[in-house]
Structure formats: structure tokens, C-alpha cells
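In what follows, a structure is listed as C-alpha cells, so that the remarks can point back to it.
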């Protein structure tokens, strides 16, 4: 699995339509997606899963309103239950072959984060539908895994969490050693790094893309909470301590850079999983969720120093995160072939 910062052919999205995922705030969500498309389409293709022609008409009109209708935007009639393409979308793999590179898709089972939000039958088959449409081979491991639960450096190291992958609501018949066999076999990695708990409010049971992300082969950014009284303080400090002891696939210590957490964000009394780690790296840009002007600026500066060749684009996600996810959760990269 190539690293996210490697060249993309495009980005996959699943257009939002499930109002129950953003109760009382859905109205603003499609416009946030349209802004994402506008920025992405300046740099790479954008492929959007939609239910059919009627939805395509509505989405095209919204994209036109946002000035996002002139770039390489493509629609695919793959109906979905929800919009979290990182977790149900196609994960693309590559391998070297004589004369170039070949690609494939891996289609893990999807059970809506442990059966929390049925139905999820449409989401579960999206990767195979994409593979069939594009003529790309699809591998089916036969176990549950979401794209937001892993992150890779493209050279053989994978980062994940015990809280998610060892949760009994995913693959209760598998222990850590058995899960590692699947990760090695289907992502082509050799070295697996395990963090502990996720952030408060994360209904995915601790996805790593709200915690810690590779930004180059040897460097990770990880969120920390400065307030010892905050319920995120201890689990994030514990993850930081683990990272400081970790190495890459070659035995070299990781370079660990911290990102702040935004100040606690609530809606209807519920703590939301707002995190600056949920950014998305595309060709030439990084989409950074914005929540808190002062800390947004700190996160922006940190990522700009680590990804100097890309423009860091902050977009307000205070409404989007009411759905319990942000930019990384709704995107899936399509790596370019050499």
C-alpha cells in the first residue's frame, strides 16, 4: 500500500446523503464536500460514489455553485449507506511488474464499526464494485477492517491501535498475532506498530487517523492534550510514550512531532472527536480540519513545516465533525501508477 503523500491519480469520495449521520446539521455538509472537491480537482481527479442519475444532477448543481464543476470530476453509480469512504471505499495496492507497476484493490469486510449503524450492506460492496468497473483485480481477506484504522509509510511499516483492531466487535475469533498475519499479507508490510486507546467521542473505537499519522517514511505527527484534567490527556500521553520507543522497518527510531488538540468541542452535550490528525494529504495540498482559530494556526504551522511542498488548506469542520469524522474519514486516495 503506497503512502498517502505519494503521487495520486485521484481521490475517492462517497457523497453524503444520510441526514441521520448529522442530525440537525446535515444542511451544511454537502457544501463542505463541494469545497473539498474544488480544492482537490485543481490537483488530481476526484471520483464520487453516488446512488444514480438523480443524485448526480443534484451534486453537479451544488459543485457548480461552489465553482467546482470544471475540473476532472467523475461520478460512479455505487450507492452507499453513508459517506465515510475511508472506511468502506477501495484501498489500492501496487506491485512492481516487468515494464511497470500493477495495481489491485483490497476489499475488507465492513460492518459499520462493530455493527453500530445498520444497514451497511451497500457500503460493504463498494470496493468490489469499483474494481469491477475499472477492471482492477480485487483481493478479499474475509475479515473486518476499516481504512481509518491503519496508516502506512509506504516502505513496510503500518501503524494501528489495539482499541480498534483488537475490539471483539470486529473479528472476535482473531488475536493480535492472527490479525498481524492479515495485515502483512494484504498490505504488503513487514513491521506493525500498535498504539493503545483513541480519543473521546470517537465511535470507531480508536481509529489511528484521529491520533497519529505518517508524514514521511520516518516521521509521524501525533496529537497531544496539554490539560491534565482533560479525559484525552492520559491516553494521548500513553500513545506518545509508545511512539518515542518505536522504530521503522529498518530499526531507526521514529521522529515524533506533536500536534495540539483543539479545545473540547461539544454538540447536544456530546464530546466530538475533533482532531487535527484527521487531515488528508493530496497532490500539492493538505486538507486540514479547522475547529479553533488559535490552535488551528499551530496545527497549520506544524504541518506546513513537515510538508513544505504542499499548501495547507484549513476548512471549518465544526459541522462536519458532528458526524464524528473529518477530511481523512471521507476520502480515500487512488495512487498513481508509474
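Just a few scattered comments:
- Condition check for residue 20: under 20 Å from residue 319 (Cβ atoms), at pLDDT 95 or above and surrounded by fewer than 21 Cβ atoms within 10 Å (Cβ to Cβ): yes
- Sub-8 Å Cβ pairs linking a first residue in segment 177-193 that is part of a helix (DSSP H, G or I) to a second residue that is surrounded by 19 or more Cβ atoms within 10 Å (Cβ to Cβ) and modelled with pLDDT under 95, at least 6 apart or interchain, number zero.
- One residue stands out in segment 152-170 among those that are surrounded by 20 or more Cβ atoms within 10 Å (Cβ to Cβ) and in a loop (DSSP other than H, G, I, E, B): the one that is farthest from the chain's Cα centre (by Cα), namely 170.
- Here residue 40 meets each of (1) in contact with a helix residue (DSSP H, G or I) (Cβ under 9 Å, 6 or more places away or on another chain); (2) crowded, with 18+ Cβ neighbours inside 10 Å with one exception, condition (1).
- Given (1) within 23 Å of residue 148 (Cβ to Cβ); (2) surrounded by fewer than 15 Cβ atoms within 10 Å (Cβ to Cβ); (3) out of contact with any strand residue (DSSP E or B) (no Cβ under 8 Å at 6 or more places or on another chain), number of the condition residue 27 does not satisfy: (1)
- Candidates in segment 227-276 are the residues that are touching a helix residue (DSSP H, G or I) at 6+ places or on another chain (Cβ under 6 Å) and in a strand (DSSP E or B); of these, the one that is surrounded by the most Cβ atoms within 10 Å (Cβ to Cβ) is 259.
- Selected residue [in contact with a strand residue (DSSP E or B) (Cβ under 7 Å, 6 or more places away or on another chain), modelled with pLDDT of 95 or more and under 16 Å from residue 316 (Cβ atoms)] from 256, 286: 286
- Candidate set: segment 119-151, residues that are within 16 Å of the chain's Cα centre (by Cα) and either without any contact (Cβ under 8 Å) to a residue 12 or more places away in the chain or assigned to a loop (DSSP other than H, G, I, E, B) (or both); chosen: the one surrounded by the fewest Cβ atoms within 10 Å (Cβ to Cβ): 150
- Hits in segment 195-205 (condition: closer than 24 Å to residue 253 by Cα and buried (at least 18 other Cβ atoms within 10 Å of the Cβ)): 195, 197, 198
- For segment 308-325, a tally of residues being over 16 Å from residue 43 (Cα atoms), touching a residue at least 60 places away in the same chain (Cβ under 8 Å) and buried (at least 19 other Cβ atoms within 10 Å of the Cβ) returns 6.
- Remark: pairs (first residue in segment 250-272, closer than 23 Å to residue 23 by Cβ; second residue in a strand (DSSP E or B) and modelled with pLDDT of 95 or more; Cβ separation under 8 Å; 6+ apart in sequence or on different chains) = 264/271; 265/271; 272/266.
- Test result for residue 114, touching a residue at least 60 places away in the same chain (Cβ under 8 Å), on the phi > 0 side of the Ramachandran plot and part of a helix (DSSP H, G or I): yes
The values are calculated or read from the model by the stated rules, or taken from the named source; none is laboratory data. What you see is a predicted model; the values in this text were computed from it and never measured. All Cβ positions, glycine included, derive from the backbone under ideal geometry; neighbour counts span all protein chains shown.
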